[in-house]
Amino acid sequence: MVRAMFDDRRGYAREVGSRIDASPTPYHAVATAQATLERAGFRRLDVALPWSAADVARGFVAEGGTLVAWAAGDDPGAAVPFDLAGAHTDSPNLRIRPQPDTGRAGWRQVAVEVYGGALLNSWLDRDLGVAGRVAVRRTRGGPAELRLFHVDRPVMRVPQLAIHLDRDVNERGLQLNKQLHMAAVLGLGDERPGAFRRLVAETLDVSPDDVVSWDAMAVDTAPSTLAGLGEDLLSAPRIDNQVSCIAAVDALVAAGERDGRGTTAAISLFDHEEVGSTSATGADGVLLAGVLERIVLARGGSRQEHLRALAASRCASADGAHATHPNYAERHEPGHWIRAGAGPVVKVNVNQRYATDAATQAEFEIAADAAGVPVQRFSSRGDMPCGSTIGPLTAARSGMRTVDVGVAQLAMHSARELCGADDPAQLAAALTEWLAGAGR
Ligand code: ZN
């Protein structure tokens, strides 16, 4: 059933777009993934409770913006290896400061801090909503409750300076200072202390006094859409890297339905990749290793069996890849041009910015072939440093052999990104075979 979903590639791209729209923040991305997994019979496990062998047959752990899920195969042994797919839930954006109310010259404003390597210009002149999670006080002295919120209407805007006041902007290039130029306009009038808190409180129907703190961010209100003359493009926010997250979740559900699997299929969707991954819920933390070890222990395995399982495990780290830009083709390695719509990209970097090696590349290409999906090979220009992903971190943390893959896209880290409409389904189909053990 799920496999048929990947065969209708345009239909799948629309589905991916609507799930991205439902996931304005990493916390919402986890909630969206959780809903899909629960519909497929996966059960959420509490890390604070003991787990039994029955508990770990098919389950997931969700912590903030991070989710780890798995589906055991037919082999009940404790040392059974994992076939893992990893991705990240966060995207660069503008985050709301803890004391955000500000303003000047008759404008009420919201102070923001830039999260990750955002293309700042892409946040200008967009109708912005706001979303995130809020700690709400329930009783005096009692614990706060974390609640998600999403104001999906244009309450904010970061207006660009008129060209008449910045005459050579097109020739010199737009220069934006993160401190001076990115505060969002919230409306007219004088600065009103508590305005942002009241907006959040109204949205959640609670008293402003009970809104204690937030992890909140600006969100483009324009919905995702298929675009282009032949609707062969997906125009959406957060393609990097929610496309990979959604493909990984669906691949896990699809692989979980396969009989005769000898490994445990698993996915890890991490927060904080865009800011270096060092956090309790980041890829450089202990969360994934802890969950994998607990699965082995719950099956009655020993530490030795855990280490044996890890030694035979593998990870496909899925993250956005650079399609060759038609207006800047010279920025790309001439022998490794990448086309949107032409299948998942395997990313190779000898300096280990990507974790791919000959062995893992071969395993992934064989898995993609089993899915009937073509593969492209990326290598960056020698005089241009390339980005990195959670791949090398996962490899170093777990000792797992790892391949870096992803969907080709343009405008990476823009508020509005662009990829081929057929590629999310092709990535999901390849990841399904990978999680089902193809290429081992
Ligand atoms: Zn990414």
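The values are calculated or read from the model by the stated rules, or taken from the named source; none is laboratory data. Small disclaimer: the values here were computed from a predicted structure and weren't measured. All Cβ positions, glycine included, derive from the backbone under ideal geometry; neighbour counts span all protein chains shown. Side chains are part of the model used for accessible areas, which takes the heavy atoms of the whole protein and leaves out ligands, DNA and RNA. Shrake-Rupley method; radii C 1.70, N 1.55, O 1.52, S 1.80 Å.
Flag: Ile338 does not match the condition of being touching a residue at least 60 places away in the same chain (Cβ under 8 Å) and away from the ligand (no atom under 16 Å from the Cβ). Filtering the range 392-406 to residues that are within 15 Å of the ligand (Cβ to nearest atom) and either in a strand (DSSP E or B) or more than 11 Å from Leu84 (Cα to Cα) (or both) leaves Pro392, Leu393, Asp404, Val405, Gly406.
All of (1) surrounded by fewer than 17 Cβ atoms within 10 Å (Cβ to Cβ); (2) within 20 Å of Met217 (Cα to Cα) hold for Ser23 with one exception: (1). When Ile267 is tested against (1) within 16 Å of the ligand (Cβ to nearest atom); (2) at pLDDT below 95, just one condition goes unmet, and that condition is (2).
In this structure, is Gly382 touching a residue at least 12 places away in the same chain (Cβ under 8 Å), outside any strand (DSSP E or B), within 16 Å of the ligand (Cβ to nearest atom) and not acidic (Asp, Glu)? Here the answer is no, as Gly382 does not meet what is asked. Counting the residues of the range 325-340 that are open to solvent by less than 100 Å² (accessible area, probe 1.4 Å) and either over 20 Å from the mean Cα position of the chain (by Cα) or over 27 Å from Ala428 (Cβ atoms) (or both) gives 8. Take the range 341-380 and flag every residue that is crowded, with 24+ Cβ neighbours inside 10 Å and of a type in the set (D, E, K, R). Result: Lys347, single match. On inspection, Leu45 qualifies as open to solvent by less than 40 Å² (accessible area, probe 1.4 Å), of a type in the set (A, V, I, L, M) and out of contact with any Leu (no Cβ under 9 Å at 6 or more places or on another chain). Pairs linking a residue in the range 186-203 that is farther than 20 Å from Val134 by Cα to a residue that is of a type in the set (Ser, Thr, Tyr), with Cβ atoms under 6 Å and 6 or more positions apart or on different chains, are Glu191/Thr102. Of the strands (runs of 3 or more DSSP E) lying entirely inside the range 177-243, those containing at least 2 residues that are in contact with a Leu (Cβ under 8 Å, 6 or more places away or on another chain) and either within 30 Å of Val345 (Cα to Cα) or open to solvent by 30 Å² or more (accessible area, probe 1.4 Å) (or both) are 211-220, 225-227, 233-236. In the set Val56, Val114, only one residue is touching a residue at least 40 places away in the same chain (Cβ under 8 Å), assigned by TED's automatic domain parsing to the domain that holds Arg308 and not hydroxyl-bearing (Ser, Thr, Tyr); that residue is Val56.
Only one of the listed residues (Asp319, Asp422, Asp404) is closer than 26 Å to Ala236 by Cα, acidic (Asp, Glu), surrounded by fewer than 23 Cβ atoms within 10 Å (Cβ to Cβ) and touching a helix residue (DSSP H, G or I) at 6+ places or on another chain (Cβ under 6 Å). That residue is Asp422. Looking across the range 282-297 at every residue that is open to solvent by less than 20 Å² (accessible area, probe 1.4 Å) and away from the ligand (no atom under 16 Å from the Cβ), the one that is nearest to Val345 (Cα to Cα) is identified as Leu288. One residue stands out in the range 125-176 among those that are among the basic types (Lys, Arg) and in a strand (DSSP E or B): the one that is surrounded by the fewest Cβ atoms within 10 Å (Cβ to Cβ), namely Arg153. Annotation: of all residues in the range 407-416 being within 12 Å of the ligand (Cβ to nearest atom) and crowded, with 24+ Cβ neighbours inside 10 Å, the one that is nearest to the chain's Cα centre (by Cα) is Val407.
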